[in-house]
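The values are calculated or read from the model by the stated rules, or taken from the named source; none is laboratory data. Quick caveat: nothing in here was measured; it's all calculated off a predicted structure. Every residue, glycine as well, gets a Cβ built from its backbone with ideal geometry; the counts of neighbours run over all protein chains shown. These area figures cover heavy atoms from the full protein model, side chains too; ligands, DNA and RNA do not enter into them. Shrake-Rupley method; radii C 1.70, N 1.55, O 1.52, S 1.80 Å.
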Amino acid sequence: MQALCYQGVNRVGVETVPDPEILGPHDAILRVTMSSVCGSDLHLLDGYVPTMRQGDILGHEFIGEVVEVATEVKKLRPGMRVVVGSIIGCGHCFFCQTEQYSLCDNTNPKPEVLDKLFGYPTAGIYGYSHAFGGFAGSHATYVRVPFADTNAFEVPEGLPDERVLFASDALPTGYMGADLCNIQRGDVIAVWGCGGVGQMAIQSAYLLGAERVIAIDRFPERLAMARDRAGAEILDYEQVDVREALREMTGGRGPDACIDCVGMEAHGTGVDYAYDRVKQAVRLETDRPTVLRQAILACRKGGTVSIMGVYGGFVDKFPMGAAMNKGLTLKMGQQHGQRYIPRLLEHIRKGELDPSYLITHRSLLANGQMAYDTFKEKRDGCMRVVFTPEA
Amino acid sequence: MQSKTPRLDDIHGIPARARRTNPLNVGPSERVVSTALGGGLVAWGVWRRGALGLLAGAVGGALATRGVRGHCPAYAAFGLSSRKAPKPTHMPVLDTEKLTRIERTVTVARPANEVYAFLRDPAHVPHFAPHVERVEDLGAGRIRVWTAMNGERSSWEAHIDLDHEAQALVLSHAEGPPERLAILLGNAPGGRGTEIRLVLDLSKTRGLLLRALAAVAGEDPDRWARAGLRRLKMLLEAGEIVTTEGQPSGRLIPVTRAA
Ligand SMILES: NC(=O)c1ccc[n+]([C@@H]2O[C@H](COP(=O)([O-])OP(=O)(O)OC[C@H]3O[C@@H](n4cnc5c(N)ncnc54)[C@H](O)[C@@H]3O)[C@@H](O)[C@H]2O)c1
Ligand SMILES: [Zn+2]
Ligand SMILES: [Zn+2]
């Protein structure tokens, strides 16, 4: 089959590789009908996650058709159309049983790295480096889904791939970002980053009862989408002082909750940004927490900062004093997709959510390099490029 | 055959690797005095030179080290301490012979009786214990274990004690140093399943069990223990040991040669 593989920092390429086979009794094999790029891939491609190996198949946000199931798979049958959560759960450990699937104990076959780095290893993720299990990703004709009954969800009849694809990753991530804010009546939510995750966080915040949502980015097309498609008020951080603007827009209170949908490669305008870039370039610091710092300072006293943007290692100049003295609640994590996907499919079916507008570009795997370059540079109004893998 | 009754009481407690090798036993004010005095002596020694200077340097160095570290080897030897702190709970020591102890614990979200039933079936062992190919029940509390490592096959016999009440399994040898491999089960609080504790007591003088284990645990029995427990947990909870071995990638496929 054809697969889009990591070939080195910011280099990808299509290779002909063997088809995946059933390796465990709970596996299913899917024919991938759509697979999307994601902001997380950029952290991998930029070389900030050191356990990528040349030849690893990329991709973790996908939808497809079941072609084969192993002996112990009970719910899925060949022919079913399914959307798959990007992070793999076993369904049985303490964490899966308490719906914290991304913390699963049993799906990372290479736990040593994270055990050292994080204290305890977390779940396996498709196409997301060997620290996270080294699972082959979905930018390929076929993909293997472990513990398929737990991780794959049947697509309700009549819904096209375009509308359901992002229920794999961007949508549950944004939804979880809003869910962690414990939104109350009258709450104003600020969302940093208007990428796929940010767009979904805005819509989810409204679904969960937010009064107003203010979205922050610098790309005009993305800000326009946040306003027109998701209904947010928008701030261009290159035009305004974000903290001042947020304070004024919230009657001097500050947003009740702040959602970081940017993560470790935040872009910035101040001296601290220059400082972080230098330190990150020489690896004295692994992550640039520009957005995180801003969110903590902008958040109202006693508010919540919800972190969905990915961080991988260490940050500098973390405003702990502000967080502590203001009594903030910090919530974060990789998404627990399996907890949210059923209710999200229901929202999509009822027409309350339609993430398909995130697809601004389509590509064959063969043009993978161009696809990732366009996505990385946000050229040509690119929000997400979706691959339709060739056979 | 006389059985080595498993004494489980000395297997409980805090694992060795979690204990500080040089616990604090010098009080805070004494540390300051010791450091200052030591530093002064070293300075004087440098100024004085000669044999007396050397001696002052050595004594001063020792005092300063003891002050900075907060650990005094002399105090330790006599079981003294100038720290006002509660005495740590007594840690049992195995006295008969110097044994290396390796301990690892994992929590499995299954009830203890189920875990125990699974473990006591010899047919299950090769599924999770790395490099173990087969375990045969010879009856009368004896088992034979077949192992394979790097293409090398061997087998060894051990005595097995099953303690139903304490839900413990203990492997040991009738001859040689008192080595053992013990698996102890305990209930995790709040119905969270079973804490499975693996304790290896291995003789530094290479007793029989160590030699047998070395065949499978290689040079790193701790790694073997961790891998084994992790696999056991996956099997019991998820019903399979998750793997990426054999999945596609854009790397060249290595030619596998017969060993
Ligand atoms: N937690 C999870 O499970 C999970 C899942 C998917 C993605 N993510 C993470 O979410 C983040 C966003 O993903 P995406 O796919 O939307 O990425 P994306 O690259 O499409 O979007 C990121 C956006 O952040 C904006 N941005 C950069 N610096 C900013 C700043 N200082 N202030 C405001 N906005 C800024 C960029 O302009 C861009 O529009 C990434 O870090 C990704 O790794 C996390
Ligand atoms: Zn993602
Ligand atoms: Zn799990």
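Filter segment A:66-95 down to the residues that are buried (at least 19 other Cβ atoms within 10 Å of the Cβ), more than 16 Å from ligand 1 (Cβ to nearest atom) and closer than 21 Å to B:Thr107 by Cβ and list them by number.
Matches in segment A:66-95: A:Cys90, A:Gly91, A:His92, A:Cys93.
What are the residues in segment A:82-111 that are more than 9 Å from every other protein chain (Cβ to nearest Cβ) and out of contact with any helix residue (DSSP H, G or I) (no Cβ under 9 Å at 6 or more places or on another chain), if any?
A:Thr98
Name the residue, out of A:Lys331, A:Lys317, that is loosely packed, with under 15 Cβ neighbours inside 10 Å and within 16 Å of ligand 1 (Cβ to nearest atom).
A:Lys317
Restricting to segment B:59-110, name every residue that is modelled with pLDDT of 90 or more and of a type in the set (A, V, I, L, M).
B:Val59, B:Ala62, B:Leu63, B:Ala64, B:Val68, B:Ala74, B:Val106, B:Val108, B:Ala109
Any residue that is modelled with pLDDT under 95 and either buried (at least 24 other Cβ atoms within 10 Å of the Cβ) or at positive phi (or both) - is there at least one of those in segment A:253-268?
There is at least one residue in segment A:253-268 that is modelled with pLDDT under 95 and either buried (at least 24 other Cβ atoms within 10 Å of the Cβ) or at positive phi (or both).
Inside segment A:95-142, can you point out the residues that are within 20 Å of A:Val37 (Cβ to Cβ) and of a type in the set (A, V, I, L, M)?
A:Ile125, A:Ala136, A:Ala140
Please go through segment A:225-251 and pick out each residue that is open to solvent by less than 100 Å² (accessible area, probe 1.4 Å) and in a helix (DSSP H, G or I).
A:Met225, A:Ala226, A:Val242, A:Glu244, A:Ala245, A:Leu246, A:Met249
If you go through segment A:96-131 one residue at a time, how many are assigned to a helix (DSSP H, G or I) and either in contact (Cβ under 8 Å) with a residue 40 or more places away in the chain or open to solvent by less than 10 Å² (accessible area, probe 1.4 Å) (or both)?
The qualifying residues number 9.
When you scan segment A:105-127, how many residues do you find that are under 24 Å from A:His139 (Cα atoms) and either of a type in the set (Val, Ile, Thr) or within 16 Å of ligand 1 (Cβ to nearest atom) (or both)?
Residues flagged as under 24 Å from A:His139 (Cα atoms) and either of a type in the set (Val, Ile, Thr) or within 16 Å of ligand 1 (Cβ to nearest atom) (or both) within segment A:105-127 amount to 8.
A:Ala152 - would you say it is away from every other protein chain (no Cβ under 14 Å) and within 16 Å of ligand 3 (Cβ to nearest atom)?
Taking the combined requirement at face value, the residue satisfies it.
Among the residues of segment B:20-43, is there at least one that is open to solvent by less than 50 Å² (accessible area, probe 1.4 Å), at pLDDT 80 or above and closer than 30 Å to B:Arg197 by Cβ?
Within segment B:20-43, one or more residues are open to solvent by less than 50 Å² (accessible area, probe 1.4 Å), at pLDDT 80 or above and closer than 30 Å to B:Arg197 by Cβ.
The conditions are (1) at the interface with another protein chain (Cβ under 9 Å from one of its Cβ atoms); (2) of a type outside the set (Phe, Trp, Tyr); (3) open to solvent by 10 Å² or more (accessible area, probe 1.4 Å), and A:Ile22 fails exactly one of them. Which is it?
Among (1) at the interface with another protein chain (Cβ under 9 Å from one of its Cβ atoms); (2) of a type outside the set (Phe, Trp, Tyr); (3) open to solvent by 10 Å² or more (accessible area, probe 1.4 Å), A:Ile22 violates only (1).
Return yes when A:Gly13 is more than 16 Å from ligand 2 (Cβ to nearest atom) and assigned to a strand (DSSP E or B) and no when it is not.
Against the criterion (more than 16 Å from ligand 2 (Cβ to nearest atom) and assigned to a strand (DSSP E or B)), A:Gly13 qualifies.
Report, by residue number, each residue of segment A:36-90 that is touching a residue at least 60 places away in the same chain (Cβ under 8 Å), in contact with a Cys (Cβ under 8 Å, 6 or more places away or on another chain) and over 18 Å from A:Tyr311 (Cα atoms).
Correct list: A:Asp56, A:Ile57, A:Leu58, A:Glu61, A:Ile88, A:Gly89, A:Cys90.
Taking the condition of being open to solvent by 50 Å² or more (accessible area, probe 1.4 Å), of a type outside the set (A, V, I, L, M, F, W, C) and not in a helix (DSSP H, G or I), how many residues in segment B:44-81 meet it?
Of the residues in that region, 3 qualify.
Residue under question is B:Glu195, and the condition is that it be at pLDDT 85 or above and either more than 14 Å from chain A (Cβ to nearest Cβ) or in contact with a strand residue (DSSP E or B) (Cβ under 6 Å, 6 or more places away or on another chain) (or both); does it hold?
Yes.
Quickly run through segment A:334-362 and pick out the residues that are open to solvent by 20 Å² or more (accessible area, probe 1.4 Å), over 20 Å from A:Ser35 (Cβ atoms) and not basic (Lys, Arg).
Selection gives A:Pro342, A:Glu346, A:His347, A:Gly351, A:Glu352.
Identify all residues within segment A:371-384 that are within 21 Å of the chain's Cα centre (by Cα) and either crowded, with 21+ Cβ neighbours inside 10 Å or in a helix (DSSP H, G or I) (or both); write none if there are none.
A:Ala371, A:Tyr372, A:Asp373, A:Thr374, A:Phe375, A:Lys376, A:Glu377, A:Arg379, A:Gly381, A:Met383, A:Arg384
Suppose we filter A:Ser40, A:Ser35 for residues that are open to solvent by 10 Å² or more (accessible area, probe 1.4 Å) and either assigned to a loop (DSSP other than H, G, I, E, B) or away from chain B (no Cβ under 14 Å) (or both); which single one remains?
That would be A:Ser40, the only listed residue that is open to solvent by 10 Å² or more (accessible area, probe 1.4 Å) and either assigned to a loop (DSSP other than H, G, I, E, B) or away from chain B (no Cβ under 14 Å) (or both).
Within segment A:345-360, count every residue that is of a type in the set (Gly, Ala, Ser) and either farther than 17 Å from A:Ser168 by Cβ or in a loop (DSSP other than H, G, I, E, B) (or both).
1
Filter segment B:151-192 for residues that are of a type in the set (Lys, Arg) and modelled with pLDDT of 90 or more and give the result.
The answer is B:Arg192, and nothing else.
If I ask for residues that are open to solvent by less than 10 Å² (accessible area, probe 1.4 Å) and among the hydrophobic types (A, V, I, L, M, F, W, C), which ones from segment A:47-65 would you list?
Listed by number, the residues that qualify are A:Ile57, A:Leu58, A:Phe62, A:Ile63.
Conditions tested, residue by residue: (1) within 16 Å of ligand 3 (Cβ to nearest atom); (2) closer than 27 Å to B:Met234 by Cα.
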site	(1), (2)
A:Pro18	no, no
A:Ser35	no, no
A:Val49	no, yes
A:Val69	no, yes
A:Val73	no, yes
A:Cys93	yes, yes
A:Tyr101	yes, yes
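Scan segment A:176-217 for residues that are open to solvent by less than 10 Å² (accessible area, probe 1.4 Å), more than 11 Å from ligand 1 (Cβ to nearest atom) and part of a helix (DSSP H, G or I) and jot them down.
Listed by number, the residues that qualify are A:Ala178, A:Ile202, A:Ser204, A:Ala205.
If I ask for residues that are surrounded by fewer than 24 Cβ atoms within 10 Å (Cβ to Cβ) and either within 12 Å of ligand 2 (Cβ to nearest atom) or assigned to a helix (DSSP H, G or I) (or both), which ones from segment A:132-175 would you list?
A:Asp149, A:Thr150, A:Asp161, A:Glu162, A:Arg163
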